[in-house]
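Undergrad: Here it is, the structure, as structure tokens.
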Amino acid sequence: MAGRERIRKVVGRASAGGPANRFESTRLESDFEQIADDELQVPRKVPTVFLSDQSQTILCSNDSPDISFRYSVNPYRGCEHGCAYCYARPGHEFLGMNAGIDFESKILVKFDAPNLLRRELCRSSWRGDVIAISGVTDCYQPAERNYQLTRGLLEVSLEAQQPVSIVTKNSLVLRDLDLIQPMAANRLAQVNLSITTLDPELARTMEPRTATPVARLGAVRDLSEAGVPVRIMVAPVIPGLTDSEIPAILRAAQEAGAVGAGFQLLRLPLTVAPVFTEWLAEQHPQVRQRVESRIRGTRDGSLSDSVFGRRHVGQGRYAELIANTFRLFARKYKLNSPLPPLDSTRFRPPRAADGQLRLF
């Protein structure tokens, strides 16, 4: 059964199925025993379903020493990009879904996100601390073309002079340049753009529904020319698969106008591991053992590590080699400085949704 199921490929998805939900006592198992072998060779399509997310708050906070921002907003849960390595996949299990195909095809949409942010910014306790737009799932995933929730968040932020740091791997961010550019001119906006590989074929299978590497570099160039500070993230670095691309990625980013760079080493927590390893076995069987071995070589024999201070950089000689390579070429291409700080002093509460003015 399991062997036949792996043949049942899915068009345009990194995952063909889904690992069992850790919190569910039962799971749905596809029964392909009734399907002829030649029919199993025909790829199937899984449509994307958009579900309403009724969250009553939008602003999240964290105190992790590994994360550069304290506050973030995420207008979507689940991500159409469907990156095989995405660390956010296990979050879908809390919703009664799986971390594989459900994460990619069942997207929860916070339709009221702009109004929820407006309400948060109107609180008397809010002082204009920097907010990261995204940070879990991508705020510029394909759904954003239709729903424009990220654009709504930016409109509220511009009105309030609220500083924001945008995190994405999609060139769709250029659509909102008319909002981002004036914010950047007042030190209220910066963009962090992820570039995992320069190989378009690898990106097509590993990150099936996001922008191509060329399009991402084009976004870096257009944003930079518009005066928007751009930092690229070589994230994740996959040992044995993409680590050799670090110098080329940094050079391309510098030529496109990026002013900073960072990296994160691949980690495969919980149900991310089976999704990624199945993708690797399907797409790159010839290097599967090498890649898994090198991942374990940077994670003390495991595929992941949740310890603060090393979960993003790993440990061991191979992890040190990757970090040293990144530092060397980041310095060579002058990408080793942090982005200019954003300005929180300009913040002023936006107009309340009900039109009520504040007394103080």
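Undergrad: Would you calculate a helix-derived [θ] at 222 nm for the chain, using -39,500 (n - 2.57) for each DSSP H run of n ≥ 4 and dividing by the full residue count, to the nearest 500?
TA: Working: 13 runs with 118 residues, N = 360.
Per the formula, -9500 deg cm²/dmol.
Undergrad: Here's something else I'd like to know. Can you compute the FRET efficiency between Asp300 and Arg327 using 1/(1 + (r/R0)^6), with r the Cβ-Cβ distance and R0 = 25 Å? Round to the nearest 0.05.
TA: Numbers: r = 22 Å, r/R0 = 0.88.
Calculated value: 0.70.
Undergrad: I'd like the orientation of helix 213-225 relative to the chain: the angle between its Cα long axis and the longest Cα principal axis, in ° from 0 to 90, rounded to 10.
TA: 10
Undergrad: Each residue of the stretch 316-332 in turn: what ³J(HN,Hα) in whole Hz from Karplus with 6.51, -1.76, 1.60 and θ = phi - 60°, glycine and Pro shown as x?
TA: x, 5, 5, 5, 5, 4, 5, 4, 5, 4, 4, 4, 4, 7, 5, 5, 4
Undergrad: Treating only the Cβ atoms of Lys and Arg (+1) and Asp and Glu (-1) as charged, compute the dipole magnitude of the stretch 126-256 about its Cα centre; round to the nearest 20 debye.
TA: Details: 12 positive and 15 negative charges, 19 e Å.
Result for the stretch 126-256 is approximately 100 debye, rounded to the nearest 20.
Undergrad: Okay, moving on. Quick one: length gained pulling Arg221 to Trp126 fully straight, 0.36 nm per residue minus the C-alpha distance?
TA: On the way: separation 95, 0.36 × 95 = 34.20 nm, distance 3.40 nm.
Result: 30.8 nm gained on full extension.
Undergrad: Would you kindly derive the ³J(HN,Hα) couplings of the stretch 234-249 from the backbone phi angles with the Karplus curve 6.51 cos²θ - 1.76 cosθ + 1.60 (θ = phi - 60°), listing them in order in whole Hz, with x for Gly and Pro?
TA: 7, 8, x, 7, 9, x, x, 10, 10, 4, 5, 8, 3, x, 5, 5
Undergrad: Which number comes out as Rg/Rh for the chain once both Rg and the Kirkwood Rh are worked out on C-alpha atoms?
TA: Numbers: Rg = 20.9 Å, Rh = 21.4 Å.
Rounded to two decimals, Rg/Rh equals 0.98.
Undergrad: Taking amide H positions as placed 1.01 Å from N in the peptide plane, with prolines and chain starts having none, which residues 5 or more places from Val10, or on another chain, fall under 5 Å of its amide H?
TA: Close amide H contacts, sequence-distant or interchain: Arg44.
Undergrad: Let me ask something else. For the charge dipole of the chain, defined by +1 on Lys and Arg C-beta atoms and -1 on Asp and Glu C-beta atoms about the Cα centroid, which residue among Gln141, Thr271, Val164 has the Cα displaced farthest towards the positive pole?
TA: Positive-end residue among those listed: Val164.
Undergrad: So what's the Cα pair-distance distribution over the stretch 44-195, bin width 10 Å, in %?
TA: 11, 42, 36, 10, 1, 0
Undergrad: Let me ask something additional. Modelled label-to-label distance, Lys9 and Thr212, 7 Å Cα→beta-carbon offset: nm?
TA: 2.0
Undergrad: Right, here's the next one. What is the distance, in nm, between label points placed 7 Å from the Cα along the Cα-to-Cβ direction at Asp178 and at Asp199?
TA: 4.0
Undergrad: For the stretch 245-360, what is the Kirkwood estimate of the hydrodynamic radius, computed as the reciprocal of the mean inverse distance between distinct Cα atoms, to one decimal in Å? Show your work: numbers first, answer last.
TA: On the way: mean 1/r = 0.0566 Å⁻¹.
Taking every pair of different Cα atoms in the stretch 245-360, averaging 1/r and inverting gives 17.7 Å.
Undergrad: Fully extended, how many nm does the chain gain between Asn62 and Asn186 (0.36 nm per residue separation, minus their Cα-Cα distance)? Intermediate values should be presented prior to the final figure.
TA: Details: separation 124, 0.36 × 124 = 44.64 nm, distance 2.63 nm.
Gain on stretching Asn62 to Asn186: 42.0 nm.
Undergrad: A follow-up question, please. Ser25 to Arg346: FRET efficiency via 1/(1 + (r/R0)^6), r the Cβ-Cβ distance, R0 51 Å, to the nearest 0.05? Intermediate values should be presented prior to the final figure.
TA: On the way: r = 52 Å, r/R0 = 1.02.
The computed FRET efficiency comes out at 0.45.
Undergrad: Could you go through the stretch 78-87 in sequence order and give the Karplus-derived ³J(HN,Hα) for each residue, using 6.51 cos²θ - 1.76 cosθ + 1.60 with θ = phi - 60°, rounded to whole Hz, and x for Gly and Pro?
TA: Once rounded to whole Hz, the list reads x, 8, 5, 3, x, 4, 4, 9, 4, 6.
Undergrad: Mind giving me the nanometre distance, one decimal, between the label points for Val287 and Arg70, set 7 Å out from Cα along Cα→Cβ?
TA: According to this spin-label approximation, the distance is 4.1 nm.
Undergrad: I would also like to ask the following. Under the rule of at least 5 residues apart or a separate chain, name every residue whose amide H is placed under 5 Å from the amide H of Ser304.
TA: Counting only residues 5 or more places away or on other chains, the set is Leu268.
Undergrad: What residues qualify as long-range amide H neighbours of Val237, i.e. H under 5 Å apart, gap of 5 or more or another chain, H built at 1.01 Å from N?
TA: Gln264, Leu265, Leu266
Undergrad: Pull up the DSSP beta bridges for the chain and report the antiparallel fraction as a percent, rounded to 5. Intermediate values should be presented prior to the final figure.
TA: Numbers: 5 of 30 bridges.
Percentage antiparallel, nearest 5: 15.
Coordinate-derived values only; no laboratory data. Since the model is a prediction, treat every value here as computed from it, not as a measurement. Every residue, glycine as well, gets a Cβ built from its backbone with ideal geometry; the counts of neighbours run over all protein chains shown.
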